[in-house]
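Down below is the structure, laid out as structure tokens.
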Amino acid sequence: MNDAPPLRVLAISGSLRRASSNTALLEAAALLAPAGMTIERYDELGELPHFNPDRERDDWPAVDRLRRAVHGADGLLFSTPEYARGLPGSLKNALDWLVGGCEITHKPCAIFHASPSSVHAVASLVETLRTMSCRLVDEASITVSLRSTTLDAQGIAAHPDAAPVIVRALTAFARAIEAYRVDPGYLPPVRHEPDPSQV
Ligand SMILES: Cc1cc2nc3c(=O)[nH]c(=O)nc-3n(C[C@H](O)[C@H](O)[C@H](O)COP(=O)(O)O)c2cc1C
């Protein structure tokens, strides 16, 4: 019998929209989580104050809950819309609150992408997570095209094409998190290549 505690994944949607496809994708992931993994959704993105380095150490209950939730998670799962070719400000704001702490550093992360045509937001999220020394798990990061659908979480979780892709990604995420626990070299940090256009 495996007595290991379940892997705790915190799912963070970059959309505050009630009928968000990104949130539905993460909720579908929670429904499809493999045995030994729980996926809990972080739903206070809209409650966070605007990040201000001058007030970074002030007593902000919502920021404290964000830091605790990230700290307590074995892995982070993101899904985000693209706004004006970038990340939604609310998601970037949440990440900015984590820059100065240690909660997100070295955390295994995966990105579920609900809109293949929105390449800029995901590229920006990847760059931010790398900058914050997260460990991106490529084999757990997938594209599930939902833009032309109106499926809710149950519909996605029951979709004959989408569901197996999600299950495979989550299984790969669990495997990577466990291997990383045993050997931190399993998910090396991604090196920043110097930009030749910069002097
Ligand atoms: C203000 C605004 C700006 C947007 N800008 C872009 C964009 O630059 N590129 C893009 O691919 N989609 C853009 N979109 C479309 C959203 O990314 C898309 O509808 C996304 O699927 C919404 O995700 P959600 O259903 O989780 O809220 C924009 C949507 C809004 C509301």
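If the chain between ARG65 and ARG41 were fully stretched, how many nm would it gain, using 0.36 nm times the residue separation less the Cα-Cα distance?
Difference between extended and current length: 7.4 nm.
At 222 nm, what helix-only mean residue ellipticity would the chain give, in deg cm²/dmol to the nearest 500, using -39500 (n - 2.57) for each DSSP H run of four or more?
-12000 deg cm²/dmol
Accessible area per residue of the chain at 1.4 Å probe, in Å²?
54 Å²
Taking the Cβ of PRO61 as the centre, find all other residues whose Cβ is under 13 Å away and add up their charges (Lys, Arg: +1; Asp, Glu: -1).
-2
Largest first, what is the accessible-area ranking of VAL167, VAL99, VAL9 with a 1.4 Å probe?
Accessible-area ranking of VAL167, VAL99, VAL9, largest first: VAL99, VAL167, VAL9.
With Cβ to Cβ distances under 10 Å as the rule, what net charge do the other residues near CYS109 carry (K, R +1; D, E -1)?
Local charge sum for CYS109: +3.
Counting only the backbone N, which residues of segment 71-100 are under 16 Å from the spot 7 Å out from the Cα of GLU178 toward its beta-carbon?
Residues 74-75 qualify, since their backbone N sits under 16 Å from the label point.
For a quick check of understanding: with a 1.4 angstrom probe and all protein chains in place, what accessible area in square angstrom does ARG8 have, to the nearest ten?
Accessible surface of ARG8 is approximately 120 Å².
How long are the three semi-axes of the equivalent ellipsoid for the chain, computed from the Cα gyration tensor as the root of 5 times each eigenvalue, in whole Å, largest first?
Here the semi-axes work out to 24, 21, 19 Å.
What are the semi-axes of the equivalent ellipsoid of segment 1-114, taken as the square roots of 5 times the eigenvalues of the Cα gyration tensor, listed largest first and rounded to whole Å?
Sorted largest first and rounded, they come to 24, 19, 11 Å.
Could you tell me the accessible area of HIS71 in Å² (1.4 Å probe, neighbours in place), rounded to the nearest ten?
Accessible area, nearest 10 Å²: 120 Å².
Any idea what % of Cα-Cα pairs in segment 78-122 are farther than 12 Å?
65 percent
In debye, nearest 20, what is the charge dipole magnitude of the chain about its Cα centre with +1 on Lys and Arg Cβ and -1 on Asp and Glu Cβ, if you could check?
200 debye
Which sequence of ILE104, ILE142 reflects their accessible areas, 1.4 Å probe, from the largest down?
ILE142, ILE104
Taking 0.36 nm per residue of sequence separation and subtracting the Cα-Cα distance, how much length would be gained by fully extending the chain between GLN154 and THR131, in nm to one decimal?
In short, 4.8 nm is gained.
Ignoring ligands, DNA and RNA, what percent of the accessible area of segment 1-102 is carbon or sulfur (1.4 Å)?
Accessible surface attributable to carbon and sulfur in segment 1-102 totals 48 percent.
With helices defined as uninterrupted DSSP H runs, which ones in the chain have an alpha carbon span along their own long axis of at least 24 Å and mean Kyte-Doolittle hydropathy of at least -0.5?
Those that clear 24 Å and a mean of -0.5 are 162-182.
Probe radius 1.4 Å, ligands and nucleic acids left out: which of ARG135, ARG41 has the largest accessible area, and how do the rest follow?
I get ARG41, ARG135, largest accessible area first.
The values are calculated or read from the model by the stated rules, or taken from the named source; none is laboratory data. Every value quoted in this text rests on a predicted model; they were computed, and no experiment measured them. Glycine also receives a Cβ, built like all others from the backbone with ideal geometry; neighbour counts cover every protein chain displayed. To get the accessible areas, we keep the full protein, side chains included, count just its heavy atoms, and leave off ligands, DNA and RNA. Shrake-Rupley method; radii C 1.70, N 1.55, O 1.52, S 1.80 Å.
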